[in-house]
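> Mind having a look at this structure? Questions to follow.
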Amino acid sequence: MAIVYETPKALLDVPTHYCPGCTHGVIHKLIAEVMDELEILDKTIAVAPVGCSILMYNYFACDAIEAAHGRAPATATGVKRTNPDKVVFTYQGDGDLAAIGMGEIVHAAARGENLTSLFVNNCIYGMTGGQMAPTTLPGQITETTPYGRDVKLEGYPIRVSELISTLTGAYYVERVSVDTIPNLLKAKKAIKRAFENQIAGKGFSLIEVLSICPTNWGLSPRDSMKWLRDNMIPYYPLGIKKNTNEEVR
Amino acid sequence: MGEKVLMKGNEAIGEAAIRANCMAFFGYPITPQTEVAAFMSRRMHKIGRVFLQAESEVAAINMVYGAAGSGVRCMTSSSSPGISLMSEGISNIAAAELPCVIVNIVRGGPGLGSIQPAQSDYFQATRGGGHGDYNMPVLAPASIQEMVDLVQDAFDIADIYRNPVMVMGDGMLGQMMEPVEFKDRPAVNLPLKDWAANGLSGRKTHNIINSLFLEADILEQHNIHLQAKYAEIMKNEVRYEMINCEENCDLILVAYGTTSRICKNVVKSAIKEGLKIGLIRPITLWPFPIEAFEKTITKTKYGFLSVEMSCGQMVYDIKLAVNGIKPVAFYGRSGGVVPHPDDILNKAKEIIGGAQ
Amino acid sequence: MAKITFREDRCKGCKLCISICPKNIITMSTKLNIKGHHSASITADKMKECLGCAACAKMCPDSVITVEK
């Protein structure tokens, strides 16, 4: 008997604090599998966000720096510019990246920083208990939109991948999801491409991963996946938004 | 070495940093220190080091945090409102125990204020600047030569203690030109940066740069550790200068930076008029040179006069040091106005004459 | 024929593996694990039907599952 699937080495064998069904665990695994396959664990530095995944540095086996809220792209820039031979990735939620951190992600992309950026989008602020995020959908009920997001008062959600893809400095931008196995495999492929781009010195890659938050959505993990499919994918279409090297598909 | 070069303060800061092996500069334009960034942008690329103009001061300090976290000697430079923006970052850097140098060329405040020189960031600098219990050494040069020496010292102090260090000048020092000599410096024994998050490279345990300690008793232990470090710094790193304080005097002026240069002239004028006035010039604002006051408290008849380009900030540290034993008065100008030596002397005479 | 191993004490009972299994062979254990969750499990009987596709292991957020084939 051969092992078909086991936990990647780049993840430490520790239980996580994430809620049951939280896709942070899934996305961490995909990144770790890619790190194993590309054999980059030894030279990778993770830059962690503020949010539910603030403790991700306890789960990855590589070196890590905890960034201030929203500032991971700037912190990662500081690391990568001074350590160009290392692999540096950022991992941010929708508050961290698209609210307080919008300036930093736009400028890191515009400068074409040779980084790999992961954006975990679940349309809500998880850690602080379910408030509206820049990516919360119109009509979606959150703790700070108890009657549903009203576009007249709270405006419209931001499609980050499309926004970043307009920047000439952005080399590769793709939106993926982890709700089904085929989507999960595509997500891993995208993440791998984003790391390979950095290793090849190509510039800035952003992978937006549509994710669930069963606890704050008030749904079971299984129902959350359905909610993602029915509501998020229509608003945030999956696919490659920017691919500077057209040969890479 | 031994050759004197005429340099503008802001540019001398940059040159000193380069000589101190600063490998990365992240900054943002703001008057009156933009020349630091401009100078670094010309020099750093040429010598294979990192220069990046960040999108904001917030981004700049977080870039410093990243570079410092990976074990690289780095710095930023800004002025008052920009330093305010950096406050969170400075707190994070101190909490994560990372070395870096932060230059503040102070301008008039509060708010957008003016672009003229001031000393109204004393509270902010000496009380850490950001949130939480922490401190950073604050070095206050009074000449371009001293600026050059202190910037280089700052990098070493930062590395030795794993702490951010601030070099605080003002718009006057930043803009003026004076002869500077870049002397050879004795080698300093610096600790290894084996804590840095710069990739495992065969290391068995990963390094995490972090300031989050969710359990209260663990965070308390961390705070106790930081306080012990600050106690070491207070013991070892105090610097000050005393002028005309050896004999008994009528009054001792207390001033730092640009204001201290003006006060040196006030002391000279006072001597000519037969008044016995001394000067304590703090060079480290934190740790505050309490011992200078312990040495002189019995010698000064009418106490101390704090002279600042602010509404009175250092005066409170003097009051703490003096502890009510002698009077402590204040004279200052704010808004970017530079005090005139005649006005300072008149205030001194008022204190001495009025008391008589 | 495939063999699935569950680290029962790590399971948080999220049931994503159950929803993703193409053969519908995963069920929740009746016991509670150390964290108070019902862990995912496969009975010996149902294990015979396992394809070894590893969909469950890939989807599991908590690295509970090892798949051998």
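The values are calculated or read from the model by the stated rules, or taken from the named source; none is laboratory data. Given the structure is predicted, the values throughout are model-derived calculations rather than measurements. FYI the Cβ positions are ideal-geometry reconstructions off the backbone, even for glycines, and counts take in every protein chain you see.
> List, please: which pairs have Cβ atoms under 9 Å, are six or more places apart or on different chains, and start with a residue in segment A:223-246 that is farther than 21 Å from A:Leu163 by Cβ and surrounded by 14 or more Cβ atoms within 10 Å (Cβ to Cβ) and end with one that is at pLDDT 95 or above and of a type in the set (D, E, K, R)?
Note: pairs meeting the criteria are A:Ser224/A:Asp179; A:Met225/A:Asp179; A:Lys226/A:Asp179; A:Arg229/A:Asp179.
> May I pose another question? Consider segment B:280-301. How many of its residues are in contact with a Ser or Thr (Cβ under 8 Å, 6 or more places away or on another chain) and buried (at least 22 other Cβ atoms within 10 Å of the Cβ)?
Residues meeting the conditions: 4.
> Check whether at least one residue in segment B:233-244 is surrounded by fewer than 20 Cβ atoms within 10 Å (Cβ to Cβ), acidic (Asp, Glu) and either in contact (Cβ under 8 Å) with a residue 60 or more places away in the chain or in contact with a Pro (Cβ under 8 Å, 6 or more places away or on another chain) (or both), and report yes or no.
yes
> Would you please name the residue that is nearest to A:Ile54 (Cα to Cα), looking only at residues in segment B:193-252 that are part of a strand (DSSP E or B) and away from chain A (no Cβ under 14 Å)?
Among those that are part of a strand (DSSP E or B) and away from chain A (no Cβ under 14 Å), it is B:Tyr240.
> Looking at B:Gly14, B:Gly108, which one is among the small types (Gly, Ala, Ser), touching a Phe, Trp or Tyr at 6+ places or on another chain (Cβ under 7 Å) and under 18 Å from B:Gln175 (Cα atoms)?
Exactly one of B:Gly14, B:Gly108 is among the small types (Gly, Ala, Ser), touching a Phe, Trp or Tyr at 6+ places or on another chain (Cβ under 7 Å) and under 18 Å from B:Gln175 (Cα atoms), namely B:Gly14.
> Follow-up. Mind telling me which of the residues B:Ala24, B:Ala37, B:Ala20, B:Ala16 ends up being of a type in the set (A, V, I, L, M, F, W, C), within 23 Å of B:Gln116 (Cα to Cα) and in the same structural domain as B:Gly108 (by TED's automatic domain parsing)?
B:Ala37
> OK, next. Being within 17 Å of the chain's Cα centre (by Cα) and either in a strand (DSSP E or B) or within 27 Å of A:Tyr5 (Cβ to Cβ) (or both) is true for just one of A:Ala99, A:Ala76, A:Ala108, A:Ala64. Which residue is that?
None of the others qualify; the one that does is A:Ala64.
> Hey, another quick one. Taking segment B:137-157, which residues are in contact with a helix residue (DSSP H, G or I) (Cβ under 6 Å, 6 or more places away or on another chain) and farther than 13 Å from B:Glu15 by Cβ?
B:Pro137, B:Val138, B:Leu139, B:Ala140, B:Pro141, B:Ala142
> Suppose the filter is more than 12 Å from chain B (Cβ to nearest Cβ) and part of a strand (DSSP E or B); does A:Leu153 pass it?
No, not satisfied.
> Pull up segment A:35-61, narrow it to residues that are of a type in the set (Val, Ile, Thr) and not in a loop (DSSP other than H, G, I, E, B), then point me to the one that is nearest to B:Leu214 (Cα to Cα).
My answer is A:Ile54.
> Between a first residue in segment B:255-277 that is not assigned by TED's automatic domain parsing to the domain that holds B:Val337 and of a type in the set (Val, Ile, Thr) and a second residue that is buried (at least 24 other Cβ atoms within 10 Å of the Cβ) and at pLDDT below 95, which pairs have beta carbons less than 9 Å apart while being 6 or more apart in sequence or on different chains?
Going by the 9 Å Cβ cut-off, there are no qualifying pairs.
> Got at least one residue in segment B:115-126 being in contact with a Leu (Cβ under 6 Å, 6 or more places away or on another chain) and either hydroxyl-bearing (Ser, Thr, Tyr) or in the same structural domain as B:Arg261 (by TED's automatic domain parsing) (or both)? Steps first, please.
First, pick out the residues of segment B:115-126 that are in contact with a Leu (Cβ under 6 Å, 6 or more places away or on another chain): B:126.
Cutting the leftovers down to either hydroxyl-bearing (Ser, Thr, Tyr) or in the same structural domain as B:Arg261 (by TED's automatic domain parsing) (or both) gives us B:126.
Taking every residue of segment B:115-126 in turn, at least one turns out to be in contact with a Leu (Cβ under 6 Å, 6 or more places away or on another chain) and either hydroxyl-bearing (Ser, Thr, Tyr) or in the same structural domain as B:Arg261 (by TED's automatic domain parsing) (or both).
> How many residues does segment A:79-96 hold that are assigned to a strand (DSSP E or B) and more than 9 Å from chain B (Cβ to nearest Cβ)? Reasoning before the result, please.
As a first pass, look at segment A:79-96 and keep what is assigned to a strand (DSSP E or B): A:87-93.
Now restrict to residues that are more than 9 Å from chain B (Cβ to nearest Cβ): A:89-93.
Qualifying residue count for the region: 5.
> Right, another one. Wholly within segment C:1-64, which helices (runs of 4 or more DSSP H) include no fewer than the required count, namely at least 3 residues that are at the interface with another protein chain (Cβ under 8 Å from one of its Cβ atoms)?
Where helices (runs of 4 or more DSSP H) fall fully within segment C:1-64 and carry at least 3 residues being at the interface with another protein chain (Cβ under 8 Å from one of its Cβ atoms), they are C:16-20, C:55-59.
> Can you tell me which residue in segment B:74-107 is nearest to the other protein chains (Cβ to nearest Cβ), limited to those that are surrounded by fewer than 23 Cβ atoms within 10 Å (Cβ to Cβ) and out of contact with any Leu (no Cβ under 9 Å at 6 or more places or on another chain)? Steps first, please.
First, pick out the residues of segment B:74-107 that are surrounded by fewer than 23 Cβ atoms within 10 Å (Cβ to Cβ): B:81, B:84-85, B:87-88, B:91, B:95-97.
So of that shortlist, the ones also out of contact with any Leu (no Cβ under 9 Å at 6 or more places or on another chain) come out as B:84-85, B:87-88, B:91, B:96.
Values: B:Ser84: 15, B:Leu85: 12, B:Ser87: 11, B:Glu88: 6, B:Ser91: 9, B:Ala96: 8 Å.
Ranking the qualifying residues of segment B:74-107, first place goes to B:Glu88.
> So, of the residues in segment B:23-44 that are assigned to a strand (DSSP E or B) and either among the aromatic types (Phe, Trp, Tyr) or more than 19 Å from B:Asn10 (Cβ to Cβ) (or both), which turns out to be nearest to the other protein chains (Cβ to nearest Cβ)? So that I can check it myself, show each step before the final result.
To start, the set of residues in segment B:23-44 that are assigned to a strand (DSSP E or B) comprises B:24-27.
From what's left, either among the aromatic types (Phe, Trp, Tyr) or more than 19 Å from B:Asn10 (Cβ to Cβ) (or both): B:25-26.
Values: B:Phe25: 11, B:Phe26: 6 Å.
The qualifying residue nearest to the other protein chains (Cβ to nearest Cβ) is B:Phe26.
> Sticking with this structure for a sec: Quick one: would you say A:Gly78 is free of Cβ contacts under 8 Å to residues at least 12 places away in the same chain and touching a helix residue (DSSP H, G or I) at 6+ places or on another chain (Cβ under 7 Å)? Before you say what the answer is, go through the steps one by one.
Details: free of Cβ contacts under 8 Å to residues at least 12 places away in the same chain: yes; touching a helix residue (DSSP H, G or I) at 6+ places or on another chain (Cβ under 7 Å): yes.
For A:Gly78, the condition - free of Cβ contacts under 8 Å to residues at least 12 places away in the same chain and touching a helix residue (DSSP H, G or I) at 6+ places or on another chain (Cβ under 7 Å) - is met.
> Would you be able to say whether some residue in segment A:115-125 is part of a helix (DSSP H, G or I), within 14 Å of chain B (Cβ to nearest Cβ) and either under 26 Å from B:Leu200 (Cα atoms) or in contact with a Pro (Cβ under 6 Å, 6 or more places away or on another chain) (or both)? Don't jump to the end; show me each part of the working.
Keep residues of segment A:115-125 that are part of a helix (DSSP H, G or I), which gives none.
Looking through segment A:115-125, none of the residues is part of a helix (DSSP H, G or I), within 14 Å of chain B (Cβ to nearest Cβ) and either under 26 Å from B:Leu200 (Cα atoms) or in contact with a Pro (Cβ under 6 Å, 6 or more places away or on another chain) (or both).
> Which members of segment B:325-353 meet the condition of being in a strand (DSSP E or B) and aliphatic (A, V, I, L, M)?
B:Val328, B:Ala329
> If I ask for residues that are more than 7 Å from chain B (Cβ to nearest Cβ), over 13 Å from the mean Cα position of the chain (by Cα) and of a type in the set (A, V, I, L, M), which ones from segment A:51-61 would you list?
The initial filter retains those residues of segment A:51-61 that are more than 7 Å from chain B (Cβ to nearest Cβ), namely A:51-53, A:55-56, A:58-60.
Then keep just the ones that are over 13 Å from the mean Cα position of the chain (by Cα); that gives A:55, A:58-60.
Across segment A:51-61, the qualifying residue is only A:Leu55.
> Using the structure shown, decide if C:Lys15 is touching a Gly at 6+ places or on another chain (Cβ under 8 Å), within 28 Å of A:Val34 (Cα to Cα) and free of Cβ contacts under 8 Å to residues at least 60 places away in the same chain.
yes
> Same structure, new question: Can you give me the number of residues within segment A:1-32 that are of a type in the set (D, E, K, R) and more than 9 Å from chain C (Cβ to nearest Cβ)?
Pass one, segment A:1-32, residues of a type in the set (D, E, K, R): A:6, A:9, A:13, A:29.
Filter again for more than 9 Å from chain C (Cβ to nearest Cβ), leaving A:9.
Result for segment A:1-32: 1.
Results for (1) in contact with a Pro (Cβ under 6 Å, 6 or more places away or on another chain); (2) part of a strand (DSSP E or B); (3) free of Cβ contacts under 8 Å to residues at least 24 places away in the same chain; (4) within 29 Å of A:Tyr5 (Cβ to Cβ), shown as yes or no for each residue.
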residue: A:Thr135; (1), (2), (3), (4): yes, no, no, no
residue: A:Leu167; (1), (2), (3), (4): no, no, no, no
residue: A:Tyr171; (1), (2), (3), (4): no, yes, no, no
residue: A:Arg175; (1), (2), (3), (4): no, yes, no, yes
residue: A:Ala187; (1), (2), (3), (4): no, no, no, yes
residue: A:Ser205; (1), (2), (3), (4): no, yes, no, yes
residue: A:Val209; (1), (2), (3), (4): no, yes, no, yes
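> For segment B:295-323, which residues satisfy the criterion of being over 21 Å from B:Tyr122 (Cβ atoms) and either in a loop (DSSP other than H, G, I, E, B) or over 24 Å from the mean Cα position of the chain (by Cα) (or both)?
The first filter runs over segment B:295-323 and keeps only residues over 21 Å from B:Tyr122 (Cβ atoms), leaving B:295, B:297-302.
Matches in segment B:295-323: B:Ile297, B:Thr298, B:Lys299, B:Thr300, B:Lys301, B:Tyr302.
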